[in-house]
Every structure is written in C-alpha cells, then in structure tokens.
1. Looking only at the stretch 61-76, filter to residues that are under 17 Å from TRP107 (Cβ atoms) and among the β-branched types (Val, Ile, Thr); which one of those is surrounded by the fewest Cβ atoms within 10 Å (Cβ to Cβ)?
2. Taking the stretch 17-60 as the search range and keeping residues that are in a helix (DSSP H, G or I) and among the acidic types (Asp, Glu), which one is least open to solvent (accessible area, probe 1.4 Å)?
3. All but one of (1) in contact with a Cys (Cβ under 6 Å, 6 or more places away or on another chain); (2) touching a residue at least 40 places away in the same chain (Cβ under 8 Å) hold for ALA61; state the number of the condition that does not hold.
4. Here is a check on your reading of the model: is SER105 exposed (fewer than 14 other Cβ atoms within 10 Å of the Cβ), within 18 Å of TYR7 (Cα to Cα) and among the small types (Gly, Ala, Ser)?
5. Would you check if there is a residue in the stretch 93-111 being at pLDDT 95 or above, in a loop (DSSP other than H, G, I, E, B) and not basic (Lys, Arg)?
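The values are calculated or read from the model by the stated rules, or taken from the named source; none is laboratory data. Just so it is clear, the model here is predicted, and its values are computed rather than measured. For neighbour counting, all protein chains shown are included, and Cβ atoms are generated from backbone atoms with ideal geometry for every residue, glycine included. Keep in mind that these areas ignore ligands, DNA and RNA; they rest on the heavy atoms of the full protein, side chains included. Shrake-Rupley method; radii C 1.70, N 1.55, O 1.52, S 1.80 Å.
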Amino acid sequence: MLLLDLYKKVELRPFIPVVGEFQSRLAGIEDECEPLGLLFEKEVQSEQEMFFALISQKALAFEVTNEMGEVWDIRLEPFSHFKSRSKKITFPFIGCNAQKLQNISEWIITLCNWEGTFLYSSAKH
C-alpha cells in the first residue's frame, strides 16, 4: 500500500505517518533478507485491518542480530543504521512474543496522527 492510497481512505489517514515510518525503518532490509520489506497481503479497508497488517509484518517475526549480539529494534532505529555498524547480520525466525507485540502495538499507536491534521512531524516519536 502506497502512502497515496492512504490519503484516499479517510479512515486510514491516521496511519499515514506509520506507513511512512515503517517504509523508512525497513528500507534496505530486503537487500539482506527478502521478503522482509513492508508488504500488505491484501487491500486494507479499516483501521483494524491496517493495524493488524502492520503488526503482522514478516520483519517483526525475526530477531535481526549482528556479530556483536545486538538485536535490531524497528522502534529504535532504521535497519540501515543497524546495518551500517554491522559486519554480519543474521535473521533467525523467532515469531512475535506477547511483549514484542505489545511494544510494537504501542509504538504504532503513538505514530498515528489522530488529530486529523495530515501534516506529520517526526518530533512525535
């Protein structure tokens, strides 16, 4: 789903900054491990579907680690920053535990623009 598509659906507009942030944070990950980029399996019609589509992104089910034992956290930095300080990156599949899902869910909610203005400031997060 492109950001332009979100502007067309009033109910999904609060997610415009979230999708933009996901795109930014996941940029470059598919070069290392395809298909972990932002992907929507089906057309999203409601807030609930959008929320589920975001917390269900494949990249969130992997514990992306580097040779120093650091674990990449999408909430804290873009993948490109993590990659730039790593020599070797591994992608073990671990699924999403309840705490990780809770943390990601809260992050998504804080990124949403619920005020109805569609100008987004990166100072929100």
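1. VAL71
2. Applying the first criterion (in a helix (DSSP H, G or I)) to the stretch 17-60 yields 17-26, 29-32, 47-55, 58-60.
Those left that are additionally among the acidic types (Asp, Glu): 21, 30-32, 47, 49.
Working: GLU21: 24, GLU30: 86, ASP31: 126, GLU32: 80, GLU47: 61, GLU49: 64 Å².
Step by step, filter the stretch 17-60, then rank; the result is GLU21.
3. (2)
4. Details: exposed (fewer than 14 other Cβ atoms within 10 Å of the Cβ): yes; within 18 Å of TYR7 (Cα to Cα): no; among the small types (Gly, Ala, Ser): yes.
So SER105 fails the test.
5. no
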